[in-house]
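One structure is given below, encoded as structure tokens.
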Amino acid sequence: MNRNYRRTFVACCMGFVTQAIAANFVPLLYLTFHTQYKIPLGQIALISSVLFMTQLVVDILCVYLADRIGYRRCVIGSQLLSAAGLFGLAFLPELFPDPLIGLIASTVIYAAGSGLTEVLCSPIVEACPSEHKEAVMSLLHSFYCWGSVGVILLSTLFLSVFGTESWKLLACIWAVIPLLNIYNFAVCPIEPPVQNGKAMKVGNLLKMPLFWLAILLMICAGASELSMAQWASAFAEKSLGFSKSTGDLAGPCLFALTMGVSRAIYGKCGERLDLMKFMTFSGCLCLLCYLVASLSGAPMLGLLSCVICGFSVGVMWPGSISICAEKIPTGGTAMFALLAMAGDIGGAIGPGLVGNIAQMAGDSIQAGLLVGSVFPLLLVVSVVILKILQRG
């Protein structure tokens, strides 16, 4: 990374940490909301759905608005919205007759910030002068993983020491991170993703078979990652027989940790690795992990496959973005926004499919994961097809 753009990279890394806070902090409080506000668990589940739907809407809006408004204004706005939403968690539930309305309103606000971060930070880093963009992109996305691990561990420690009733204070503490990051984005150099305004239009992108293959890659990457990540705790608890606290730490936390390790390794050694081969290896390893988790009857082997799955999916999302950015260098904001939307669609479809299949199979999460193995399989097939097209 060029020395002049280090602050830009740091700002984007902190942006991904903020996104991790938005995605992982509130789920730790679901039972607290249920107890404190007497909200049924079925209604609390709406928070997750609203998060994904808001991010999808923001992804679509960015296709048309980000270039017009300007990247700097939009990315500063992303941090403001993230901070406002997290602060809102502490105050808005008390301002409405139904606390759920306040929680949903806060979720919409910080999810909008999270969606902007997701769309804008990747092209900002991609536009920075760098010799090994794939490695830099992977290192950037690893900070989402480190943020996830930090949020889970530090929040659990804070609430254990100060009590669950202190969650509002913790929400305000987490909101400080995006507030501080506003300064970084205000002063750092930000280059346009495509020089001289020659970015491709959406219609031209949609006419390219390569772009549709990249969309499939992102859907499979999002589904492969989040199907296991969101069901890891329940899988460890119900199918493998671990306690709730052990399931949370051994499931989502270790999953995020190994995913971050994978991205960091590629970020440091990417110039010596072939991205296509690494993606193929990762997809095959992910498929193996899904099959072992779903078919093995040994608890420790099942848990190990869940943890290794985090490593296997690490490079999929940033790798798919890097492949598309290299093959379609004039894709611009529209390309990055549509890729982010595809990843979010995969993140919504995958866990939903696993849950529905599990319910149909008599609450067997293993059956759901077995069907979920179709996503890493499709990803491997997509990479192979891409390699064949590249040779042709």
If R0 is 56 Å, what FRET efficiency do you get for E131 and E165 from their C-beta distance, rounded to 0.05? 0.65
Cα centroid separation, the range 346-392 to the range 8-28 (Å): 26 Å
Length gain on complete extension for the stretch V381 to R6, per 0.36 nm per residue less the alpha carbon to alpha carbon distance? 131.4 nm
What shape does the chain take by its C-alpha gyration tensor, where a ≥ b ≥ c are the square roots of the eigenvalues and a/c under 1.5 counts as rounded, a/b above b/c as prolate, and the rest as oblate? oblate
Only helical DSSP H runs with n ≥ 4 go in: add -39500 (n - 2.57) per run for the chain, normalise by residue count and round the 222 nm mean residue ellipticity to 500 deg cm²/dmol. -27000 deg cm²/dmol
Ignoring ligands, DNA and RNA, what percent of the 1.4 Å accessible area of the chain is carbon and sulfur? 68 percent
With +1 on the Cβ of every Lys and Arg and -1 on the Cβ of every Asp and Glu, and nothing else charged, how large is the dipole of the range 34-185 about its Cα centre, in debye rounded to the nearest 20? 220 debye
Find, to one decimal place in angstroms, the Kirkwood hydrodynamic radius of the range 35-156, where the mean of 1/r is taken over every pair of different Cα atoms and then inverted. 16.1 Å
A student applying the Cα gyration tensor rule (rounded when a/c is under 1.5; otherwise prolate if a/b is larger than b/c, oblate if not) would label the range 287-392 prolate
Given a Förster distance of 45 angstrom, what is the FRET efficiency for L210 paired with V176, based on the Cβ-Cβ distance and rounded to 0.05? 0.60
Sites S296 and T156 - FRET efficiency at Förster radius 35 Å, r taken between beta-carbons, to 0.05: 0.80
Lys/Arg Cβ at +1, Asp/Glu Cβ at -1, dipole of the chain taken about the Cα centre: which of Y290, V374, P329 is farthest positive-ward? P329
Could you let me know the centre-to-centre spacing of the range 65-136 and the range 152-166, using Cα atoms, in angstrom? 24 Å
With charges set only on the Cβ (+1 for Lys and Arg, -1 for Asp and Glu), what does the dipole of the chain come to about its Cα centre, in debye to the nearest 20? 780 debye
Accessible area of H34, 1.4 Å probe, to the nearest 10 Å²? 70 Å²
With the 1.4 Å probe rolled over protein heavy atoms, the chain has an accessible area per residue in Å² of 41 Å²
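The values are calculated or read from the model by the stated rules, or taken from the named source; none is laboratory data. Everything numeric here is computed off the predicted structure, so don't read it as measured data. Here Cβ is always computed from backbone atoms with ideal geometry, including for glycine, and neighbour counts include all displayed protein chains. Accessible surface areas use protein heavy atoms only, side chains included; no ligands, DNA or RNA. Shrake-Rupley method; radii C 1.70, N 1.55, O 1.52, S 1.80 Å.
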